[in-house]
1. From the backbone phi of the stretch A:97-102, what are the Karplus-calculated ³J(HN,Hα) couplings (6.51 cos²θ - 1.76 cosθ + 1.60, θ = phi - 60°) in whole Hz, Gly and Pro given as x?
2. Ignoring ligands, DNA and RNA, what percent of the 1.4 Å accessible area of chain B is carbon and sulfur?
3. Could you give the alpha-carbon Rg of chain B over 2.2 N^0.38 Å, rounded to two decimals?
4. Give me P(r) over the protein assembly as shown, computed from all C-alpha to C-alpha distances, binned every 20 Å, as integer percentages.
5. Could you tell me which of rounded, prolate or oblate describes the stretch B:1-41, using a ≥ b ≥ c as the square roots of the eigenvalues of the alpha-carbon gyration tensor, with rounded for a/c under 1.5 and, failing that, prolate when a/b is larger than b/c and oblate otherwise?
6. Over all Cα pairs of the stretch A:60-135, how is the pair count split among 5 Å bins, expressed in % and running from 0 up to the last occupied bin?
7. If you build a Gaussian network model of chain B, linking Cα atoms that sit under 10 Å apart, which residue out of B:ARG275, B:ARG41, B:ARG67 swings the most?
8. Could you work out the pair-distance distribution P(r) of the stretch A:8-124 from its alpha-carbon pairs, with 5 angstrom bin width and percents rounded to whole numbers?
Amino acid sequence: MAEERKLRILVAKPGLDGHDRGAKVVARSLRDAGMEVIYTGLHQTPEMIVATAIQEDVDAVGLSIMSGAHNVLFPAVVKGLREQGADDVVVFGGGIIPDDDIPRLAEAGVSQVFTPGTPTGQIIEWVRQNVRPRG
Amino acid sequence: MSTEIVQKVLAGDVRATARLLRWIDDGRGEARRLLKVLYPRTGRARIIGITGNPGAGKSTLTDHLIRYFRSRDLRVAVVAIDPTSPFSGGAILGDRIRMQEHATDDGVFIRSFATRGHLGGLTSTTSDVVHALDAGGWQVILVETVGVGQDEVDVQRLAQTTVVVMAPGMGDEIQAIKAGVLEIADIFVVNKADREGADRTVRELQMMLDLEKVTQAELAHHGPVQSLLAAAEQRVSPAGWVPPVLKTTAVRGEGLDELCRALDDHHQVFLDACRDPQFVQARLRQQFLDVFRRTLVARGWSYLVHEDHLKQIVDRLQRGEADPYTLAEEAVKAVGGP
Ligand SMILES: Nc1nc2c(ncn2[C@@H]2O[C@H](COP(=O)(O)OP(=O)(O)O)[C@@H](O)[C@H]2O)c(=O)[nH]1
Ligand SMILES: [Mg+2]
């Protein structure tokens, strides 16, 4: 068969805030870079994100958090994926995240945090370097 | 490894199923092997196709249909297909936005796919995805597709019931005649009934359908004119069913009871038709031809890309050593295969 592997990325927007511009910009850039992006809209709980990541068999989950709840939401997604045996799914994210919090998130298993103003080209480059098609 | 994943898929394990679907989508050789093992367990699912133009409201309707079948305690899988961008090869798959309420329900499995445009849709694997889910005991499989390209037509043939969704003011009625949608629809839904022009769309559709009926009666009267191949290309659907035209306002859940009733009615008609061996044979013939065509194309393609075969052929063509007909015949002979 004609084999063709593509990166599949879930872009999710957890938390209560309604600012999805950043998430949409990232989703579009990833698509323009040839990736398949599953976009689920606003107000996703960590449970929804984990279930979606499993059903969609994504290679990475990109979270956009503007509400300040990143210290809770990021680790909850990582933990949920581990519990489901999907610990090889790369978790990265962006949003308004103070520099002081970044080491703690890294420790919790978040591979990369992009702060506001990061050029999308840089995000794509990082994904290309760090995410591989699973399976 | 293979038998382990088969066992898990058969047991409805979500992670294993998700992985198998990935292999199918990627065209991996393992997928075919596993599908052979799974095939005997297929044939139990109720497969419903939902097709129509982007923005017509298919995903919003699908969300309601999930709820309906869950209320009857059936396990529901959704296969949602969106187009791949022809420019980048990437895609944004956003159908889930309307269905996320079911994301954490164990009895619901939702999977998004991009069309990927495999050789113009000639090697689309959606029917394999449906078979895998069927074998895994997903009792209802809802397949959402956009438009009516070759791959969509294939999957809508596999569906037992196909719903064509339209919205007023999108010129959908005209589109419908052009795209041959009239033949594949078992149920028409004019969604966004809250918008102006819905009644007119319903009327125009109804008129076209009446016209179609006359033409079909005429054809039937003049006996079987079709070759076997032409018949195989046509959708096999139960005789005597008249596609209803329904109005819905999906965002408010209006008209959904009628849609669900029509789905159940058509399902019953389908089951009745399945008692006729000829009907079943016609469906199996189509399924086989679909797999056969995909196998041929995939085989041919892997021969062409292997060891520069394609380049060699084109070089000979360019040097004027042979004509494309001879070259194509030679290539087909060379493909052979186990
Ligand atoms: N006014 C109105 N809008 C609707 C209705 N059904 C769906 N929509 C909206 O139409 C848009 C597209 O719906 P969606 O279900 O994603 O369409 P799809 O592309 O066919 O899957 C969304 O913004 C929906 O909220 C309806 O009955 N009335
Ligand atoms: Mg949709």
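The values are calculated or read from the model by the stated rules, or taken from the named source; none is laboratory data. Please read all numbers here as calculations on a predicted model, not as lab measurements. Counting neighbours? That spans all protein chains shown, and the Cβs are built from the backbone with ideal geometry, glycine included. With ligands, DNA and RNA removed, areas are computed over all heavy atoms of the protein, side chains included. Shrake-Rupley method; radii C 1.70, N 1.55, O 1.52, S 1.80 Å.
1. So the Karplus estimates, Gly and Pro as x, are 10, x, 3, 4, 7, 4 Hz.
2. C and S atoms contribute 56 percent here.
3. Working: Rg = 21.4 Å, N = 338, 2.2 N^0.38 = 20.1 Å.
Rg over 2.2 N^0.38 Å, computed on Cα atoms: 1.06.
4. Whole-percent P(r) values from 0 Å outward: 22, 52, 24, 2, 0.
5. Numbers: a/c = 1.71, a/b = 1.18, b/c = 1.45.
The shape class here is oblate.
6. 3, 15, 28, 25, 19, 8, 2, 0
7. Judging by the Gaussian network model, the answer is B:ARG275.
8. 2, 13, 26, 26, 22, 10, 1
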